[in-house]
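The values are calculated or read from the model by the stated rules, or taken from the named source; none is laboratory data. Being a predicted model, the structure only gives us computed values, none of them experimental. When we count neighbours, we look across all protein chains shown, and the Cβ atoms used for this are built from the backbone with ideal geometry, even at glycine.
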Amino acid sequence: MSVRITKLFSVKRGKNSRSRDRSTGRAYSNEMDVELLYNDPGQLLIKYQPVIEIILNKFVRSGFFEEADKDDHKQTINEKLLSQKIPKMQAQYNRQYYLSTYFSRVIHNLCLEIKRSMPKEHTLDINAVNPGFSDIRLENLLVIEEEKKRLHTILRLFPKSKARLDFMLRLLSRTTITKS
């Protein structure tokens, strides 16, 4: 009986386990990455290129970046890592977490910085679509705000169809259409 119980609760680590390096498939060693961080940051950057790709693809799928601009953003991330972020990482990394986790967070934050620095696109002013919202009860106003958030998400996820969606919404709401 006791043998059976221990077999039920034993944990096996598979190929996709956290203790394996994604790029090589070998057992993951945080110490190797930390050594690269301090002694050869360029080699560390080369090692983490697949991680940069994964995070950039996530931003492309979310509609924050265009697929065509992905290589430019990757180049910008690599430049900022080498010139600004890796020296800061060398000073601030305290080995509390895996370096891969810390590095991924830095890359994610760099993507957010790039997104914030991009010029704002023409966005549809939803409040202008139906300006008669002044005498609505609070509950209905909250529902309208949720719907506006949903609409912004749809417009962001379908950037190629944004102009058509904008046009259709203006037609449906009978808003005057001006040349812009």
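With the condition kept exactly as written, say whether any residue in the stretch 114-126 is at pLDDT 75 or above, surrounded by fewer than 13 Cβ atoms within 10 Å (Cβ to Cβ) and farther than 30 Å from residue 44 by Cβ. Yes, the conditions are met somewhere in the stretch 114-126.
Of the helices (runs of 4 or more DSSP H) that lie entirely inside the stretch 26-105, those containing 1 or more residues that are closer than 26 Å to residue 153 by Cα span 49-61, 70-80.
Consider residue 96 carefully, then state whether it is over 30 Å from residue 169 (Cα atoms) and modelled with pLDDT under 90. Judged against the criteria, residue 96 is a match.
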